[in-house]
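To start, the structure itself, in structure tokens.
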Amino acid sequence: MGRVVFRIPVGELRYNVTGADLMALAAVLLLLFAYLWILRSARRREPRFTGEAQRAIAFARVEAERLQSPTIEPVHLLLGLLHVPVPAIIRHLPLDSHQAIRDEVRDHVGGGAIVDYRDDLPFGDDARLALVAAAREARGFSSRQIGADHLLLGLLHSDTSLAALILRERGLRLEPLRASIGGWQE
């Protein structure tokens, strides 16, 4: 088989491009595309949660184990938030109310079956919905990461969870809390 030559006229100049040249160009473009895709994927792997939110979730796991729950529920996320001294949380849930909240949770949440320590303690359905709502709140504030204040807002999205009821008893409502944090964009 003979050599295939493509003649590409560019103005007064003519370039002779062989099939091998086109294959090399395609390989270079493919490598460039793969590099850009890997670079973009690596950027997406930045933590979705701030350090404070990660600590609150870690404490939620501890609280779920302490209350012998087989899953992490919104009330455990609330208890986890009480462990994290973030100004946005303390402003709305003063330190002197933390023990009362813990006592109220202990009164409502009886110990379940004894659960051994598990690294992979799953989130309950309501807790997952609260985390999804927290992610939406973070997007609404144009934040790249989910913070502890977004977790607090996410807990208020539920109508029936014990955590939302406890927060509402203390006067927290979604819209006023959102306004006091500031920067919400529809």
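Where a number appears in this text, it was derived from the coordinates with a stated rule and is not lab data. Note that the structure is a prediction, hence the values are computed from the model and not measured. Positions of Cβ are backbone-derived with ideal geometry, glycine not excepted, and every protein chain shown enters the neighbour counts.
Would you mind calculating the relative contact order of segment 51-181 from Cα pairs under 8 angstrom and at least 6 residues apart, reporting the percent as a whole number?
Details: 162 pairs, mean separation 36.9, N = 131.
Over segment 51-181, the number comes to 28 percent.
Enter the Cα centre distance for the pair segment 132-186 and segment 39-106, rounded to the nearest angstrom.
13
Based only on other Cβ atoms within 10 Å, what is the fewest-to-most ordering of V62, V84?
Working: V62 16, V84 20.
If I rank by nearby Cβ atoms, fewest first, I get V62, V84.
Pulled fully out, how much extra length does the chain show between Q145 and R106, if you take 0.36 nm times their separation in residues and subtract their Cα-Cα distance? The partial results should precede the final answer.
Working: separation 39, 0.36 × 39 = 14.04 nm, distance 3.10 nm.
Gain on extension, Q145 to R106, equals 10.9 nm.
Can you put E137, E175 in order of Cβ neighbours within 10 angstrom, beginning with the fewest? Intermediate values should be presented prior to the final figure.
Working: E137 25, E175 9.
Fewest to most other Cβ atoms nearby, the residues stand as E175, E137.
For the pair D125 and I90, how long in nm is the line joining their label points, each one 7 Å along Cα→Cβ?
With each label point 7 Å from Cα toward Cβ, the separation is 3.8 nm.
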